[in-house]
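Peer 1: Could you have a look at this structure, given as structure tokens, before my questions?
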Amino acid sequence: MTHITVKVDGTTYEDDVEPRLLLVHYLRDRLGLTGTPIGCDTSNCGACTVELDGASAKSCSVLAVQADGCEVTTVQGLAKDGEWTRLQRAFHERHALQCGYCTPGMLMAARDLLRENPHPGAEEVRHALEGNLCRCTGYQNIVHAVLAAAGQQVAEEATA
Amino acid sequence: MIPPAFEYTRPGSVDEAVRALADAGEEAKVLAGGQSLLPLLRLRLAFPELVVDVGRIPELRGVREDGDTLVIGAMTTHHDVVHDPLVRRHAGLLAQATATVADPAVRHRGTLGGSLAHADPAGDLPAVALALDAALVVAGPGGRRTVPAREFFVDYLQSALAPDELLLEVRIPKRAGWGFHYEKFHAVAQSWAIVAVAALVRRDDGHIAEARVALTNMGPTPLRATAAEEALTGADGPGAVARAAEAAAEGTRPSQDLSASPEYREHLARVLTRRAVLTATGTG
């Protein structure tokens, strides 16, 4: 067992964990933060994307012990006092989900993009989300939502 | 999927890391960014008794200059390599190729040193290190030694690193005035290259004075396309480049997998070499 201290969505946790415990399992099974889903378990799909010390990471490909001393933000840490972020509102308004399974990861990856590039074009949004798969293939509205959150003009005719 | 059980240590210095590796013999694995090792552990394709996490050793991170050489710490992440102004100025080929590795989340965690030490011939950076004539500095119980990239990649997933050695830094000669391009062919945005070509070209008076061409996924290790390099010397236009690129697959041993047959990979090597060299010369 290894002792770790991790701050998750603003709360500091101390735990003894097996070194082999994946961060995603720590979040879901130990802390009960099931807003972060496990999609493929092969680092392909990005459903489990979280923010680790301010940068997106696939939590199925990080050990909990690697997050010792770090700050983690999950999708459950985005809203403040019940208020969604601009990006979450844009996902809601643009109906950027079908089944919703990829949505937490999409939000975290899109957040990462907007931090580095606050005014991306549609092509840049698509590149930034290349590590996140939507099994419903509903990419169009996801791209629109990210553009809308960035205050960019959305080409509505492309939806038709 | 849950990895097999292992012991874990997180040394704070290179000396501590090397000692931990030496004490564990062949049963230890170095954990860099974990973007290759963790998938292997989850799939139970590796069973280390000890994982040595080198993620908190400050001297392994960062980019600096040493005269005519660019020095990149092994634990520098792909994200940092892509955005580093020194890398962009002196090793543009590396920045360009690194930007094509996997996806942004993986690039935040994955490292240059981890990618080279993993020695996957389908990885992008081994061929780039070969093309750039990089030198890899490694530390072991007996001290430090420098291994040229051409001797570092020994076989499939096998590098020249001994079990008790740690990759410290990658030294890349600055190459002023060379054109470059990394041409990658893959089926899905974040997937491995089916084949890719790294090209560096020095032009002189309208013709190619010198070309360095390295191939990704054309055998168990990254390879230089030496026959094509020789044929490219003196090439003075797209026609000549296309003829020289016909030699790109000579001496390669590409594998068969679900993505491609060996013959198709040889075809890709020729086509991608032509494209990479033409783009590197600014005429593509």
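The values are calculated or read from the model by the stated rules, or taken from the named source; none is laboratory data. Please read all numbers here as calculations on a predicted model, not as lab measurements. Quick reminder, even Gly has a Cβ in these numbers, built from the backbone with ideal geometry, and neighbours come from all protein chains shown. Heads up: the accessible areas ignore ligands, DNA and RNA and are worked out on the full protein's heavy atoms, side chains in. Shrake-Rupley method; radii C 1.70, N 1.55, O 1.52, S 1.80 Å.
Peer 1: Among the listed residues B:Val81, B:Val154, B:Val101, B:Val87, which satisfies the condition of being within 23 Å of A:Asp112 (Cα to Cα) and outside any helix (DSSP H, G or I)?
Peer 2: On inspection, the qualifying residue turns out to be B:Val101.
Peer 1: Confirm whether B:Ala20 is at pLDDT 95 or above and part of a loop (DSSP other than H, G, I, E, B).
Peer 2: no
Peer 1: Quick check: anything in the range A:37-53 touching a Cys at 6+ places or on another chain (Cβ under 8 Å) and away from chain B (no Cβ under 13 Å)?
Peer 2: Within the range A:37-53, one or more residues are touching a Cys at 6+ places or on another chain (Cβ under 8 Å) and away from chain B (no Cβ under 13 Å).
Peer 1: For the range B:64-91, name all the residues that are open to solvent by 10 Å² or more (accessible area, probe 1.4 Å), away from chain A (no Cβ under 14 Å) and not hydrophobic (A, V, I, L, M, F, W, C).
Peer 2: Listed by number, the residues that qualify are B:Arg64, B:Glu65, B:Asp66, B:Gly67, B:Asp68, B:Thr69, B:Asp84, B:Pro85, B:Arg88, B:Arg89, B:His90.
Peer 1: Kindly provide the set of residues from the range A:84-109 that are exposed (fewer than 13 other Cβ atoms within 10 Å of the Cβ) and touching a Lys or Arg at 6+ places or on another chain (Cβ under 9 Å), ordered by number.
Peer 2: The answer is A:Cys99, and nothing else.
Peer 1: Here's a follow-up. Identify, please: which residue in the range A:1-27 is in a helix (DSSP H, G or I) and farther than 25 Å from A:Asp81 by Cα and is, among those, farthest from the other protein chains (Cβ to nearest Cβ)?
Peer 2: Among them, the one singled out is A:Leu23.
Peer 1: Continuing with this model, one more query. Which is farther than 24 Å from B:Leu31 by Cβ, surrounded by fewer than 19 Cβ atoms within 10 Å (Cβ to Cβ), touching a residue at least 60 places away in the same chain (Cβ under 8 Å) and among the aliphatic types (A, V, I, L, M), of B:Ala189, B:Ala214, B:Ala227, B:Ala196?
Peer 2: One residue alone meets the criteria, B:Ala189.
Peer 1: Count, please, the residues in the range A:75-123 that happen to be more than 14 Å from chain B (Cβ to nearest Cβ) and outside any helix (DSSP H, G or I).
Peer 2: Residues in the range A:75-123 being more than 14 Å from chain B (Cβ to nearest Cβ) and outside any helix (DSSP H, G or I): 19 in total.
Peer 1: B:Asp103 is checked against (1) within 24 Å of A:Thr2 (Cβ to Cβ); (2) open to solvent by less than 10 Å² (accessible area, probe 1.4 Å) and fails just one. What number does that condition carry?
Peer 2: Evaluating B:Asp103 over (1) within 24 Å of A:Thr2 (Cβ to Cβ); (2) open to solvent by less than 10 Å² (accessible area, probe 1.4 Å) leaves (1) as the failure.
Peer 1: Another one. Listed residues A:Ala128, A:Ala150; which is farther than 23 Å from B:Leu38 by Cβ and either open to solvent by less than 30 Å² (accessible area, probe 1.4 Å) or free of Cβ contacts under 8 Å to residues at least 60 places away in the same chain (or both)?
Peer 2: A:Ala150
Peer 1: Filter the range B:145-178 for residues that are out of contact with any Pro (no Cβ under 7 Å at 6 or more places or on another chain) and of a type in the set (Ser, Thr, Tyr) and give the result.
Peer 2: B:Thr146, B:Ser159
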